[in-house]
Structure formats: C-alpha cells, structure tokens
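Read through the structure below, which is laid out as structure tokens, and then see the notes.
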Amino acid sequence: MRFLIVRPFFSVEKFYFPRFINESLGAEYLTAFLDKEHDVFLIDALAEKWNNYWSHPNYPEIIFQGIKPKNLLKKIDEYKPDIIGINWPFSTQNNSIRLTLKTIRDWSKDVPIVVGGPHPSANPEKILEDYKEIDIIVYGEGEVTTKEILKNKELGKINGIAFRKKGEIIINPPRSLIKNIDSIPFPKRNPKYYNNYSKQYFYEAVYLRLKGLGLGHEINNFITSKITNAPFHALYYKIHNKRNRKFLPAADIITSRGCPNHCTFCAIHNMWQHKWRMRSAENVLEEIDYLVKNFGIKHLNIQDDNFNISKERTVKICKGIVKNKYNITLLAPAGAFVPTLDKEVLYWLKKAGLTELRMSIESGNQKVLREIIKKNIDLKQVKLIVKMCKDLGIKTEGAFIFGIPGETIETMKESLSFAKKTGFDRIVKFIFQPFPNTELYNVCLDNNYLTKGYDPNKLYITGNKCYIKTDKFSPQDVLKIVNRNF
C-alpha cells in the first residue's frame, strides 16, 4: 500500500505574521510506525518551503506559508499514492485544509482521503458533514488506527474512526490508548526538512530582536508587502548566523503524551483523553543520543503538554544528559507542570541545559484557578519557584489568560497584580479563545456569551481579539486589561 502523508501549507492571518514552525512530530511518528509494512512517504508542505509566502484570491485576509498548491500537486502526482492522509492540527488551518482537499480532489476523485489530528478529533461528525472530500476521520491517537485502515480491515470494525456508509455518517467507538509508548519507533526525520526547521531560528531571532527595539510592526508590514522577497529572508539568516551557531541546529522531541490536568479551556483532551503517559527516561535519552550523534543538535525543544509530571523521570533524564556530556540547551515551550517543581528538579534542569522556564499560571486568583479553570496550581508555590529559579539563574516566564467566562474585571486585575509582584522575567498575556468542544465553549453557548464576530477559523492561541461578552465584562474591558502596561 502506497500511503502518502501530507502536512499542508499553513494559513496565517496578517496580525500573526511571521509564523515560526515546529517539526511535524505527529506525522513523523506515523511515518515511522507504518513504513515497515507499507510504502510511506511524508510531504511536509510547510517545512519544505517554510520561508515561501503567497496569497490566494479566495482568501484575501490570509497569507499562506509553504509549498503552493500546484507544486504540492506535482509531488502528489510523482508519488501516485493509493491512499492519502492529511494532518490537521488546529481550527485556524481550516482554510489551508480546504484548499489542500480541493487540490487533491482536482487530481483524483477516487483516491481515499484520511484526515486526523486535534481539530478533527474534537468533532469528527461535523468535519465529515462540512468537508465532503474526506472519506475517513481518525480521531484520537492515530498510529494503530491508521495501520488497521491500511490493512484494509472492514471500516465498521476499526475503533477510533468516523466514515460514511451509504450516505450515513458512522462514528465507531473510541480506540484505547497505546499503553507502552516506548514501543513506538522514534519519529522518522527527513534531514532536508530538519535543516529547514533549524534555519528558521536565524529568522526568528532577528525578528524578535527588532521587535524588542519597537520595530516589529514595521517589519511585519514590510514582509507582508513583499511576501515572496527571498533575498530579504536570506538576509535574516546571514545577520544572525554567527551569533546563534552555538545553539544550532535545534530539534523537537515529545517525551510524553497527554495531560493529567482538566483545564476547562483546553481541547487537547479530545486527542489524548484525560490521561498522561510517559516514555521511560532510558527511551528518551536514547532518542536524544540519536539526535546529538546523527544531527549534531545543540538545542532541544521539549514539546510535551507537561513533560515534568514525574519528578523521578525528570531528574533521571537530566542526569543522563549531564553524564553523557551532550552539552545542549533545553526549552519546554508549552510550559512546566508546577506541582512537581522543587529545588532538586530545578537544579537538575539547569544542569542539563534549561535556560528558561515557562509556567502557564492562567490566573492570579486562586478561586478562578480551582473553580472555573480547574487547574491544580497553588499560587504560593509559584512565588517560591520563581525565587528558586532566580537563585539558580533560570529565567522565568508567567503566562496568563484574560476574559475567561466566570471571571470579573476585578479577578483579571488580580492576575495582573500577581504577575507583577511575583517577579517573572517575562509575562505573557493571552486572551481567552473559546475552542469548540471544550467545557468553557459549552458554557459560552449555554449563556449566549459568544459575540457576533466569533469565528473558529480565527482562534489563534495568541489571538488579539476577544469573542466573549458576559454580564461581568465586555470584549473592550478585556482588551484594555491585556494591553495595559505594568
């Protein structure tokens, strides 16, 4: 079976430009899991042309990033797949997915299209209703499910899928999660894509430096008016090459799946349920060893939702990095699990190369945390962690969300006050985005909190708009608080 996996080009609203990309670890894991029994090929249409930006007449407000549809079509035609799988991460990529589906269907009306990822996992029935080009939705964890599809197992007997049968949409029971995730092969990384993932760090570093000088708006305007300006992108690389050499190349890794928290705003549980499964420290260190020796990595982004839930495992991984003298830096972009952070864990994280610690606090009001967000964080402990990080020389970042249904203007001000007094080196303020099929989204529907401008296609986590209006606050109230200087 010739199975083609496509990570589509991305759609990026102009306010969110430029967008920095990560490895498509989900697609790389799936490729590795299947390629021993099938002819599997991955097209990462974003990574292959990550610095190629283009527009489309049907989407005037959007800049697309990656391979253009006509070039994607050429690659598909060269491979001539028996079945095509599409990775669909977020609702913000709906337009990109729609354009990709049209491109594939213009090429063939008959090749089956299978779609998986966080967004279709949230509501597979609606996806099949709205996107007639799709034949099968894989919802939840995808490796074993996709393997059964490729074996031509009868669709009605495959757990974890939704499909059409005689015009009717069938939703099969969910699939049990893989118990031992050490058994899953390491992601199959393409050296060509990998080099592009690392190149973008030059671009990002320069952009952030210019933004820090107050030139971010001007840079955005210049790039969006010159979206195919290749020499300009090349200049970005050249300027920052030498300064960042000691941190490059970089790689992404996932050491666990899922999250034990029950945050009411989060849609990740549609994918991983309310469970957390970890790879063993030995398995993680084996992959790090592979990346260091085969790709020469000097920086590692740990992309787990919460990587340090097991204190014992965290310390063991850190000690292994130190013992093996990998001489790398670490970062956990999604943030750390606060309850298991203590002096010992922070000491070993620092020794292993952690330079900055993000804590997704969400609110500076304990009642909002416990009763509305339902997140297990003790604000007193946060203050202690920040102090310990300062003593160890680890920079800290506190992330907060404003405009959550159930909040008041007063509780939002308390978050600002807590963020300021705690002593974070950097504070990030997010506006609540009501993602479909989450607990707080349902609260919004039940209470008519969504504004007329609400559009799930525009729900960027770092979005600059508020779509919630309650009897306690308006969108304008939220924006005023978020844009307030300390």
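The values are calculated or read from the model by the stated rules, or taken from the named source; none is laboratory data. Note that the coordinates shown come from a computational prediction; the quantities given were computed from them, not determined experimentally. Ideal geometry is used to build each Cβ from the backbone, glycine not excepted, and the neighbour counts take in all protein chains shown.
Laid out as a table, the results:
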item	result
Residue match in segment 103-112 (condition: exposed (fewer than 14 other Cβ atoms within 10 Å of the Cβ) and of a type outside the set (D, E))	yes
Residue list for segment 143-169, restricted to those being at pLDDT below 95 and surrounded by 14 or more Cβ atoms within 10 Å (Cβ to Cβ)	R164
Subset of segment 123-151 [in contact with a Pro (Cβ under 6 Å, 6 or more places away or on another chain) and part of a helix (DSSP H, G or I)]	I127
Test: residue in segment 390-400 that is in contact with a His (Cβ under 9 Å, 6 or more places away or on another chain) and surrounded by fewer than 20 Cβ atoms within 10 Å (Cβ to Cβ)	no
Qualifying residues in segment 284-314 (those that are within 29 Å of C263 (Cβ to Cβ) and among the hydroxyl-bearing types (S, T, Y)) - the one surrounded by the most Cβ atoms within 10 Å (Cβ to Cβ)	T314
Some residue of segment 412-422 being surrounded by fewer than 16 Cβ atoms within 10 Å (Cβ to Cβ), of a type in the set (S, T, Y), in contact (Cβ under 8 Å) with a residue 60 or more places away in the chain and outside the structural domain of P333 (by TED's automatic domain parsing)	no
Residue that is farthest from the chain's Cα centre (by Cα) [pool: residues in segment 269-281 that are touching a residue at least 12 places away in the same chain (Cβ under 8 Å) and assigned to a helix (DSSP H, G or I)]	A281
Pair list, Cβ < 9 Å and 6+ apart or interchain, from segment 46-70 residues that are in the same structural domain as A27 (by TED's automatic domain parsing) and at positive phi to residues that are part of a strand (DSSP E or B) and surrounded by fewer than 18 Cβ atoms within 10 Å (Cβ to Cβ)	G66/W54
Contacts under 6 angstrom Cβ, first residue in segment 385-402 being farther than 20 Å from Q366 by Cβ and at pLDDT 95 or above, partner surrounded by 18 or more Cβ atoms within 10 Å (Cβ to Cβ) and among the hydrophobic types (A, V, I, L, M, F, W, C), 6 or more apart	M388/L346; C389/L357; L392/L346; I394/L357
Of residues in segment 458-486 being within 20 Å of the chain's Cα centre (by Cα) and surrounded by fewer than 16 Cβ atoms within 10 Å (Cβ to Cβ), the one modelled with the highest pLDDT	N464
